[in-house]
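Nothing in this text is a laboratory measurement; each read-out follows from the coordinates by a stated rule. What you are looking at is a predicted structure, and each value in this text was computed from that prediction instead of being measured. Please note: Cβ atoms are built from the backbone with ideal geometry, for glycine as well, and neighbour counts cover all protein chains shown.
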Amino acid sequence: MSSDSSTLLNSRVPGGPIEQKWDSFKRDQKLVAPNSRRKYEVIVVGTGLAGAAAAASLAEMGYKVKVFCFQDSPRRAHSIAAQGGINAAKNYHNDGDSVWRLFVDTVKGGDFRAREANVYRLAQLSENIIDQCVAQGVPFAREYGGTLANRTFGGTQVSRTFYARGQTGQQLLIGAYQALMRQVAGGNATLYARREMLDLVTVDGVARGIVCRNLTTGKIESHAAHAVLLCTGGYGNVFYLSTNAKGCNVTAAWRAHKRGALFGNPCYTQIHPTCIPVTGDHQSKLTLMSESLRNDGRVWVPKQANDPRTPSQIPEGERDYYLERRYPAYGNMVPRDVASRAAKERCDAGYGVGSSKLSVYLDFSRAIKEQGEAAIRGKYGNLFHMYQKITDENPYQSPMRIYPAVHYTMGGLWVDYHLESTIPGMFVLGEANFSDHGANRLGASALMQGLADGYFIAPYTVSNHLASRKLPEVTDAHPRFREVAEEARMRLQRLLSIDGKRSVDSYHRELGQIMWNYCGMSRNAAGLNTAIGKITSLREDFWRNVNVPGVGENLNQSLELGGRVADFLEFGELMCRDALAREESAGGHFREEHQTADNEAKRDDEKFAHVAAWEYLGEGTQEKRHVEPLTFEFCPLQVRNYK
Amino acid sequence: MSWLLATLRSSVGKKFVMGGTGLFLCFFLVVHLAGNLLLYAGPDAYNSYANKLHENVALLIVAEIGLFGAMLLHIYLAFVTASENRAARGATDYAMRQSKIPGRVIHVAGLAPDTTMYITGALIFGYIALHLCDFKFEVFADAAQLAADPYTKAAMVLSSTSRKVIYAIAAIVVGIHVSHGFASAFQSLGLNHPKYMPTIKTISKVFGVAVAIGFGSFVTWDGQRRCGCESPATMETAPTTMPSTAPAAATESAPAPTTPAETVPQS
Amino acid sequence: MSHSTTGKTLNLKLRVWRQKDNASRGEFRDYALVGISTEMSFLEMLDILNEQLLQQGEEPVNFDHDCREGICGTCSLMINGQAHGPDNGTTTCQLHMRRFHDGQMITIEPWRAKAFPVIRDLVVDRSAFDRIIQAGGYVSVRTGQAPEANSVPISKNDQESALDAAVCIGCGACVASCKNASAMLFVAAKVSHLAQLPQGAPERAARVLGMVGQMDSEEFGNCTNTSECEAACPAGVSVTHIARLNREYAKALYGSPLGLKGELLTSSGTGGD
């Protein structure tokens, strides 16, 4: 395994005290004058929180923005499904919160695998986000006095999470979507819905546009620009079963990776502890139950293994509230990675409940007794409703059954402090980049990052790129566009022409099973090697035996899925290789070989306090691992302890 | 004048006009019913009311223009919106439709007031034509009836069995129409409030029943016997005119005919 | 309740609308499915159908779906004549097969409205909704221009009531279920959301006039207050918001300079390609 501390990975973090780095960037950046902005075109791919916010903000500044999404409307992006809330260091609860504390919590929550300067900036901007969203008319929960309400989330000891019932992501996304629609109406942004990005076009090494497929007509389209922003979300669907939307995919990021963008920390995936358990082989996706439920719900399993009794028959004394037992300081509010592993540990040891024995109880009986059913309904009504819809069980009467599920990916395309990838002119925002969450993301931080990147960082750094680089005039008539479009067309043709026996979906399921078994909540070297072998042969079989019906010239959902799964089949291998190379346990990455006596994750700061970023070297060649060392000047390295 | 055009052209503006004219016609129904109830008080009371009404010719003309205007606008917009609504579904209709409102059945036989406004409206329109012929234009009146006093006139018209049946049915249809239309007008005019809307809906239903019973009761009224005109053959003449226009359709809704493609829901 | 249904299976007859593209004529085709678990969601049942069609050499049924947890608003479907199927407050992706019985015939159609043209099979084009939002469904505030969030207190009641409207997921079930294919509930949800918040106040007249104008030019039908939209709405948006829309429209049309001048009364969509 080759690992270079590479000159490719220049993080471009400004010098000086951490509190002043962002100001210092802004002081030194180059600007584009208002009258010149309309000469610049910017492509934004993806319309989640990061994409919609960036597109709206850049268009408002006067740039000509072209915004793309594969969904039928920008409002569908999966940010919409975020339930619990968004963090901000407002200290409205007077409980000792500050930008510094949010910064420290996030670095620590990420198990010291994030870049300090990025995290500090995120904490600083968190306050502006709340102001911005409130001004857009986002109806955040309020106190009776009319001020904003907060709740507590995992991994923190303060109340800093702003929320709108159990649908905060929806309200924030609608806010950003409306801001974007305003720009579309004003003519500065043009919307291209039902478009899937198939490739990135670089000219002289600089990102100058994209090739995409019009999913309605099947037409391959080329779009040139002066900058390309990928805001295309995470790759959790490599596991097939995840809490991601069915359409979430790695294609845009993976195509850009193959064009030269390094991929950072692909092995870091977040397994969310509170999801509705799998019921059968037919299952197509998993549903999250917000982490906020752990504020009032208590997690337990029976003390007796394989206990056949129903939960109500098990007396208090025979219940094992294992999170409260193992982590008395944080109790049910430990970070996600810790809670997930603890649930897996109990189930693996035979204490699981439900027909599959792969679930634990999340019990609200005490909270209902203390606060009344109405209060609980007020806080979590829609979540309880959703749980009942899916399981046909009433969580007001019997405890929910939950189990961890793939939820978020901390890894992503490597970006510097400017959120610019190793391809100049290509920026990566939100979940699609690797930057702020290290090896584990704290609850209510994804929304914060997406909006910080989109509203408050990209507008500055993209302007700096446009103002400081010489960008010769390039249109979609440039030969590079024709070449890349032709490659994309050939690839689709190849998928359509195989005419084999197996559906795309069946390959996707099989890949997911491999990833979950060997590269899921816990990993080991032997398993990862097995996985790499299995993925390689599955990929070969896919290109021989997949059946993608229909034609390319109209709406063809099988073809869309075929392209995405083909990319997952390549990406899954890289994930395993990254997990194999990282010989330590950190956050969401748990290597069985590296744990303490009481089964806690054991980091190796000597050897692995770095970002691993992978470089694509061509078909059939193993990718090259580059390293960006991480230093912790301001939040000193320590062992995470939630006990 | 563009705000006026917008009122007649925009979908929401049209609803204001439908609701406004509907409520105005509801108000007329109340006045009309109150006047008619004087029939029960006997010939003197009723005749003096009718004559007083006709003494003020200017007022009468203004009122009649207002009523006809409201009715024509109401009907015109019903046609316009109904045709727009049919077009809005597109070229292909559903093969099957079921309501998601508990207890409601969508199909031709399910006469929910709010989905049959177009049908009840059309019936009322036909009835109004007849009613005006009977009382205002006195198309079918013989010399005796033309000469009769208002009280006797009413008795003469209502003495016919066919009229009894038609007027009774019409009263019920008007009742159905206003039972949705009255509450609906409040919604269209934006006067819906979570606190008061249930009350308004109840009032609307009570109003519908009151209209049906109130106007319907006149077919059982015994004025014929009192003035000795039990059968059409015995009608006598009396000189006067009849005050009434007609009970007009009172709704703000834009009813569309029930689509033939809507089928009986499955269990 | 509980797990009594685990392991139960159904045999079903499906009658599915198939249409190659917008220009082609569509038709119903009948399919039989056996051994469908009652634990499946409706869309998972369609996944099984598609797997079966693929094996039989027929093209799978295209249908819109994404989050499969009831919030993105992508899934649609008229199921036995009901938008999102028989359950109230539920999207098709959250509808489960335990709601159906063995041997049942299920008719599946796309949303039908002139403003929602069919793209293929069960997939329709709902971009009219985006154009309606473009016509005023926003607060004009520049990024970075916002005052401190707590500087404008909002009563809990107003915030909750605004959120009751803002929960709209933009799925189009209101249009699909309305006998007039009216989009009033969708438009009302946005107007009512922003009209109840101080942030939305400065543009309220322009918003309601613009959005209603756009709604009309998209050729949605008129509201006749039958409340079918409310019953079909998976997010539980109430028709009281339509009344608020009507009120806002009256205020804007007769009480604001914008309305009296007749500006914004008809608008044409911008954006898109």
Placing +1 at every Lys and Arg Cβ and -1 at every Asp and Glu Cβ, with all other atoms neutral, what dipole size does the range B:10-234 have around its Cα centre, in debye to the nearest 20?
960
Looking only at C:SER127, C:SER182, C:SER151, which one moves most when chain C is put into a Gaussian network model with springs between Cα atoms under 10 Å?
C:SER151
Under Karplus coefficients 6.51, -1.76 and 1.60, residue-wise ³J(HN,Hα) of the range A:456-470 in Hz, glycine/proline x
10, 10, 4, x, 6, 6, 5, 4, 4, 4, 5, 7, 9, 9, 7
Provide the packing ranking of A:359-372, A:306-319, i.e. peptides ordered by the mean count of other C-beta atoms within 10 Å per residue, highest first.
A:359-372, A:306-319
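So, with +1 on the Cβ of K and R and -1 on the Cβ of D and E, and no other charges, what is the size of the charge dipole of chain A about its Cα centre, to the nearest 20 debye?
980
Can you give the average number of partner chain beta-carbon atoms within 10 Å of each beta-carbon in peptide A:168-181, as a whole number?
On the way: counts 0, 1, 8, 4, 0, 2, 10, 4, 0, 5, 10, 6, 5, 11.
Per-residue shielding by partner chains comes out at 5.
Please average, across the residues of B:100-106, the number of beta carbons from any other chain that are within 10 Å of each residue's own beta carbon, and give a whole number. Walk me through the intermediate numbers first.
Values: counts 19, 8, 2, 0, 4, 0, 4.
Per residue, the average neighbour count from other chains is 5.
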Name the residue, out of C:ARG207, C:ARG68, C:ARG247, whose mean-square fluctuation peaks in a Gaussian network model built on chain C with Cα pairs under 10 Å.
C:ARG247
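Counting other beta carbons within 10 Å of each residue's own, what order do A:VAL203, B:VAL206 fall into, fewest first?
Working: A:VAL203 17, B:VAL206 12.
Result, fewest neighbours first: B:VAL206, A:VAL203.
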Of the GluC sites (Glu not before Pro) in the range A:102-190, which ones lie in a loop per DSSP and count no more than 15 other C-beta atoms within 10 Å?
A:GLU143
Tabulate in residue order the Karplus-calculated ³J(HN,Hα) for the range B:80-85, using 6.51 cos²θ - 1.76 cosθ + 1.60 with θ = phi - 60°, rounded to whole Hz; enter x for Gly and Pro.
4, 5, 4, 6, 4, 5
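Percent relative contact order of the range A:489-604, based on C-alpha pairs within less than 8 angstrom and at least six residues apart? Can you show the working numbers first?
Details: 153 pairs, mean separation 37.9, N = 116.
It comes to 33 percent, rounded to a whole number.
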Taking neighbour Cβ counts within 10 Å as the exposure measure, how do A:VAL42, A:VAL158 sort from fewest upward?
A:VAL158, A:VAL42
Please list, in order along the range A:601-614, the HN-Hα scalar couplings obtained from phi with the Karplus expression 6.51 cos²θ - 1.76 cosθ + 1.60 (θ = phi - 60°), rounded to whole Hz, x for Gly and Pro.
4, 10, 7, 10, 6, 4, 9, 10, 6, 8, 8, 9, 10, 9
Treating cross-link reach as a plain straight distance, find the lysines whose alpha-carbon is under 18 Å from the alpha-carbon of A:LYS344, omitting any fewer than eight places away in the same chain.
A:LYS303, A:LYS357, A:LYS602
With +1 assigned to the C-beta of every Lys and Arg and -1 to the C-beta of every Asp and Glu, and no other charges, what is the dipole magnitude of the range A:498-643 about the Cα centre in debye, to the nearest 20?
340
Just check the range B:10-234 against the gyration tensor rule for me: Cα atoms, a ≥ b ≥ c as the square roots of the eigenvalues, rounded for a/c under 1.5, and otherwise prolate or oblate depending on whether a/b exceeds b/c.
prolate
Relative contact order, percent, chain C [alpha-carbon distance under 8 Å, six or more residues apart]:
18
Would you please calculate the Kirkwood hydrodynamic radius of chain A over all C-alpha pairs and express it in Å, rounded to one decimal?
24.9
Along the charge dipole of the range C:9-120, which of C:GLN82, C:PHE100, C:LEU10 sits closest to the positive end, that is, farthest toward it, with unit charges on the beta carbon of Lys, Arg, Asp and Glu (+1, +1, -1, -1)?
C:GLN82
Of the candidates C:VAL139, A:LEU492, A:LEU617, the farthest towards the positive dipole end of the protein assembly as shown (Lys/Arg Cβ +1, Asp/Glu Cβ -1, centred on the Cα centre) is C:VAL139
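Give the shape of the range C:175-232 as rounded, prolate or oblate, defined through the alpha-carbon gyration tensor: a ≥ b ≥ c are the square roots of its eigenvalues, a/c under 1.5 means rounded, and otherwise the shape is prolate if a/b is larger than b/c and oblate if not.
oblate
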Please say if the range C:9-120 is rounded, prolate or oblate, where rounded means a/c under 1.5 for a ≥ b ≥ c the square roots of the C-alpha gyration tensor eigenvalues, and otherwise the choice is prolate for a/b larger than b/c and oblate otherwise?
oblate
Suppose we keep just the alpha-carbon trace of the protein assembly as shown; what are its Rg and Dmax in angstrom?
33.6, 118
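Can you give the relative contact order of chain A as a percent, counting alpha carbon pairs under 8 Å and 6+ residues apart?
Details: 1437 pairs, mean separation 135.7, N = 643.
Relative contact order of chain A: 21 percent.
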If R0 is 60 Å, what FRET efficiency do you get for A:GLU483 and C:ASP158 from their C-beta distance, rounded to 0.05?
0.60
